[in-house]
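J.: Handing you this structure, nothing more for now.
Every number here is computed from the coordinates shown, using simple stated rules; none is lab data. This one's a predicted model, so the numbers in the text were calculated from it and none came from an experiment. Here the Cβ positions follow ideal geometry from the backbone for every residue, glycine too, while neighbour counts run over all protein chains shown.
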Amino acid sequence: MPDSHQQHPSSPSNWTDAFAALPLDAPEASGWPAIASRLDARRRVRWPLWLATAAALALVAVVPLQRLANDRIARPGDSAIVDAGSRAASAEPGAASADTGVATADRPAPTDAANGPSRAEFERLYAESAQLEAVLAMARDDRVASGPAAALSDELDAYLTSIDAALSQPALPRSQRLALWDQRVDALRQVAGFASTQRWLTATVTTVPWSASIDAPPIHQPIHDVD
Amino acid sequence: MPPEAAPAQRPSSFAIDVPDTLLARARGGDRAAFEQVYRWFERPVFTLALRICGDREEASDVLQDTMLKVIDRIGDFRGAGGSPFWGWLRQIAVNEALMRLRRDRRQGDEIAVDDQVFADERTPLPPAAADAAVLQRALAALPASTRSVLWLYHAEGYTHEEIAALMQRTASFSKSQLARGGRRLRTLLDPAAETAAEHTHA
């Protein structure tokens, strides 16, 4: 037998062995955040109308107040309060990720303030995002959506999905990540406000004149280039 | 950490035994259970999709579509006849990847019958077959359908009849692409052998 036909010691004996020895490939970034966010977009919690309306309106009123309080907590120079705020936000592990599916794996490690946004800033946004997701879960109901309202809601969802896709990019600079989280929270405020208003109108008005009243508000904003 | 791979005659990277308790939680809509299933099968699905589609972006899309279908249909999985969950999930992944090939009209990418491939199948595989990077490049250079047949047969253990059904072709097509694909892969891994074989045939 010629030398070239002899089995090389390291050669696999057949294609099955050769293919089995190949390492498994993985996507550049985990696809779970995108899947979770698509699941969120589909999620429709069906609460009793009067209860959901009351709860959603109450939470929408509370969230801006809490944001104001958080802003005050995050003032530079008040490190003891910032730490307390961070711990409070961290006390609910996965609070943001369980609902949004975005945050957990992407949470940046704490760094000092000179290196970019502080952990407290991220924690504040994670916490607010989780609260707004909870509002949204209660406020939304397809039973009360007219065609144009549902289309608008889908647009807002698509905008949120695009932010989540941007957030799932690996090696995103901290400043850019923070700006995207800020956009995400703003978008969630719009979605939650829209869903709550729709609930309220449905509960108080017999006919919801969405078709006549909606003048396509400017919700489809581009994701800002934050560099 | 995923449990150990189940023993199989042709080991598949999908062969992961998923506990019944986890499946029950997933059927109940438990988001954490879905995420666990996703984490275990992310790499096998992505690798399979990459081998069939040949493109990382498309493989990511197949991964996402597969997992969403699994989540949507997990209530339909009953494990009838002792069939494992991983086999059911793999079937969805293969269908998604092949559907994408068909949609992109790339299922016609195959080695033509009159294409001369001279490598000798009786010889052992070239040493380069042990080099993962070289073998992956050679696989990527094959036409999509040929590569799919090779991967489904050798790596996943499908029969020619099963491949024919999946690809909506005949078993003869699967057999001929397997033989021609194997020879083409040899020549890509060992171009010198091709020249020698060509001279023998001349």
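J.: Place +1 on the Cβ of every Lys and Arg and -1 on the Cβ of every Asp and Glu in segment B:127-201, take the dipole about the Cα centre, and give the residue among B:V149, B:L185, B:F173 whose Cα lies farthest towards its positive end.
T.: B:F173
J.: Oh, and also: When the convex hull of the Cα atoms of segment B:127-201 is projected onto a plane and the area is averaged over all directions, what value comes out in nm²?
T.: Over all viewing directions, segment B:127-201 projects a mean Cα-hull area of 5.3 nm².
J.: Could you check the spin-label model distance between B:D72 and A:A26? Points 7 Å from the Cα along Cα→Cβ, value in nm.
T.: Once both label points are built, they end up 2.8 nm from each other.
J.: If you plug each phi of segment B:41-58 into the Karplus form 6.51 cos²θ - 1.76 cosθ + 1.60 with θ = phi - 60°, what whole-Hz ³J(HN,Hα) values come out, in order, with x for Gly and Pro?
T.: Listing the rounded values in order: 9, 4, 5, x, 5, 4, 5, 4, 5, 5, 5, 7, 7, x, 9, 5, 5, 5 Hz.
J.: From other protein chains only, count the Cβ atoms within 10 Å of every residue's Cβ in B:155-161, then give the mean.
T.: Mean inter-chain Cβ contacts per residue within 10 Å come to 1.
J.: Hey, got the average number of other protein chain Cβ atoms within 10 angstrom for residues in A:27-39?
T.: Mean shielding count: 5.
J.: While we're looking at this one, here's another question. Could you give the size of the charge dipole of segment B:127-201 about its Cα centre, using +1 on the Cβ of each K and R and -1 on the Cβ of each D and E, expressed in debye and rounded to the nearest 20?
T.: 160
J.: Taking the Cα centre of segment B:24-88 as the origin and placing charges on Cβ (Lys, Arg +1; Asp, Glu -1), which of B:F85, B:T66, B:C53 is farthest toward the positive end of the dipole?
T.: Highest projection toward the positive end goes to B:F85.
J.: Tell me the Rg and the Dmax, in Å, that the Cα atoms of segment B:23-67 produce.
T.: According to the Cα coordinates of segment B:23-67, Rg and Dmax are 11.9, 35 Å.
J.: When Cβ neighbours within 10 Å are restricted to other protein chains, what is their mean count per residue of peptide B:179-191?
T.: 1
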